[in-house]
Amino acid sequence: MADEKLAKLREAVAGLSQISDNEKSGFISLVARYLSGEEEHVEWAKIHTPTDEVVVPYDALEAPPEDMEETKKLLNKLAVLKLNGGLGTTMGCTGPKSVIEVRNGFTFLDLIVIQIESLNKKYGSNSQYPRVVADEFLPWPSKGKTCKDGWYPPGHGDIFPSLMNSGKLDLLLSQGKEYVFIANSDNLGAIVDMKILNHLIHKQNEYCMEVTPKTLADVKGGTLISYEDKVQLLEIAQVPDAHVNEFKSIEKFKIFNTNNLWVNLKAIKRLVEADALKMEIIPNPKEVDGVKVLQLETAAGAAIRFFDHAIGINVPRSRFLPVKATSDLQLVQSDLYTLVDGFVTRNPARTNPSNPSIELGPEFKKVGCFLGRFKSIPSIVELDTLKVSGDVWFGSSITLKGKVTITAQPGVKLEIPDGAVIENKDINGPEDL
């Protein structure tokens, strides 16, 4: 049955003119693995906590050379690749999240360019696969859905064959590049770090994943384990039901994957040419325009087990500053951070190492609505928690401190006046201001 399905799919895919032969063979290979059910199950008893040799503490890394020429030599060996990420649909956007304005009129993309330009000044494209119509197991574009909805990007695990197939990998190697730093474009903390680059080049690690200590907000994030003498990424989807609570515990699994990855380019070439990167397949069923479709994806972090001398580095939380929702956007747009050379830096006036916890109601979910409800982003340097619900509007130059809850009663518009200072208060109407 599986063979029959695959044969029909292969025939339909062969007729798709919108994708290259490499993309066709990559897609068919992914589907064949999926249909064969060749998932490797993790044996819980074989899981071990990685040692400091496998997950190296950031503070244990040697300081990079201070000599400008030596630093320039290191940087000349590095390429930076930012993953554009999905559409910012959860935040009400119709395009990629990286074009959302973050600070001072700059988008994520602007900041990335400024960061790289700043480094250069100081020191001298993904595949698309067809969505599969679930009940017929045929590519949707072959059924007439040739617009963008008929296609999907196959997850960031595709970055390795994409680099190879596009010719970019050979180009980078010909330019003397040795490593690529891969990170999500919406992670404003993912900047080039000379300590990490210096360590990898001197130790010849083929792959490095930056991890950071888990908080209760990160319990579902993938973690690094030692498994059968290899370092491996363990995702919650791979965990047997009986052990899910143990996986979520921050006692046993203390770190999680930031998706900041450093990978040796020659190693990528070797493994892609050998077709050796068989990352776990993530089936992603969706409903689009009333049609049930299937997307098969892979994750770049899962490739760690195929590389030699792969390590994790346990980095400070400041290297993980993602913007997944408007509450995250409020943090990075506030006075909690400053902007220098495209780098978002935490305000030293904030003594608490943790960021405030911010919970905004559905009225703030979409970026346009969020921005419209603030004349200016309040000062939150001394804020611990903020919970906002209902039809709330903020004036300018507002300061929030301690634990603040603001609730507009149903059908009532609640306006917080310009210059208000709110500290450890529950506000349910204008009389509480």
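Can you tell me which residue in the range 264-295 is farthest from the chain's Cα centre (by Cα), limited to those that are among the hydrophobic types (A, V, I, L, M, F, W, C) and loosely packed, with under 12 Cβ neighbours inside 10 Å?
Among those that are among the hydrophobic types (A, V, I, L, M, F, W, C) and loosely packed, with under 12 Cβ neighbours inside 10 Å, it is A274.
Select from the range 331-340 the residues that are of a type in the set (A, V, I, L, M) and surrounded by fewer than 18 Cβ atoms within 10 Å (Cβ to Cβ) and write down the one among them that is farthest from S379 (Cα to Cα).
Once the filter is applied, the top-ranked residue is V340.
Can you name every residue in the range 306-330 that is touching a Lys or Arg at 6+ places or on another chain (Cβ under 9 Å), crowded, with 17+ Cβ neighbours inside 10 Å and assigned to a helix (DSSP H, G or I)?
Across the range 306-330, the qualifying residues are F306, T326.
Of the residues that sit in the range 182-208 and are assigned to a strand (DSSP E or B) and at pLDDT 95 or above, which one is nearest to P322 (Cα to Cα)?
Per the stated criteria, the residue is C208.
Is it the case that E4 is loosely packed, with under 15 Cβ neighbours inside 10 Å and within 30 Å of K148 (Cα to Cα)?
yes
Give the range 343-376 a look and list any residue that's open to solvent by less than 50 Å² (accessible area, probe 1.4 Å) and either within 25 Å of the chain's Cα centre (by Cα) or within 21 Å of P316 (Cα to Cα) (or both), or say none.
F343, V344, N347, R350, P356, I358, L360, G361, F364, V367, F370
Scan the range 57-73 residue by residue and report those that are under 25 Å from the mean Cα position of the chain (by Cα) and open to solvent by less than 80 Å² (accessible area, probe 1.4 Å).
Those that are under 25 Å from the mean Cα position of the chain (by Cα) and open to solvent by less than 80 Å² (accessible area, probe 1.4 Å): P57, Y58, L61.
If L277 satisfies every condition in (1) touching a Lys or Arg at 6+ places or on another chain (Cβ under 8 Å); (2) part of a loop (DSSP other than H, G, I, E, B); (3) closer than 30 Å to G176 by Cβ but one, which is the exception?
The number of the failed condition is (1).
Please enumerate the residues belonging to the range 143-160 that are buried (at least 21 other Cβ atoms within 10 Å of the Cβ), in a helix (DSSP H, G or I) and more than 19 Å from the chain's Cα centre (by Cα).
G150
Would you confirm, using the coordinates I've provided, whether A300 is hydrophobic (A, V, I, L, M, F, W, C), within 23 Å of P154 (Cβ to Cβ), touching a Phe, Trp or Tyr at 6+ places or on another chain (Cβ under 8 Å) and open to solvent by less than 20 Å² (accessible area, probe 1.4 Å)?
Taking the combined requirement at face value, the residue satisfies it.
Is there any pair linking a residue in the range 155-174 that is under 13 Å from L81 (Cα atoms) to one that is open to solvent by 40 Å² or more (accessible area, probe 1.4 Å) and part of a helix (DSSP H, G or I), with Cβ under 7 Å and at least six apart or on different chains, and which?
Final answer for the pair search is L169/K269.
Give L216, L197, L233 a once-over and let me know the one that is in the same structural domain as T51 (by the TED database) and surrounded by fewer than 21 Cβ atoms within 10 Å (Cβ to Cβ).
L216
Hey, D170 hits all of (1) farther than 17 Å from V315 by Cα; (2) part of a loop (DSSP other than H, G, I, E, B); (3) not hydrophobic (A, V, I, L, M, F, W, C) but one; which does it fall short on?
Of the numbered conditions (1) farther than 17 Å from V315 by Cα; (2) part of a loop (DSSP other than H, G, I, E, B); (3) not hydrophobic (A, V, I, L, M, F, W, C), the odd one out for D170 is (2).
So which residues in the range 74-83 are open to solvent by less than 40 Å² (accessible area, probe 1.4 Å) and at pLDDT below 90, if there are any at all?
L81, L83
The values are calculated or read from the model by the stated rules, or taken from the named source; none is laboratory data. Every value quoted in this text rests on a predicted model; they were computed, and no experiment measured them. Neighbour counts are summed over all protein chains in view; Cβ atoms, including those assigned to glycine, are modelled from backbone coordinates with ideal geometry. Note: accessible area is taken over every heavy atom of the protein model, side chains too, but ligands, DNA and RNA are not part of it. Shrake-Rupley method; radii C 1.70, N 1.55, O 1.52, S 1.80 Å.
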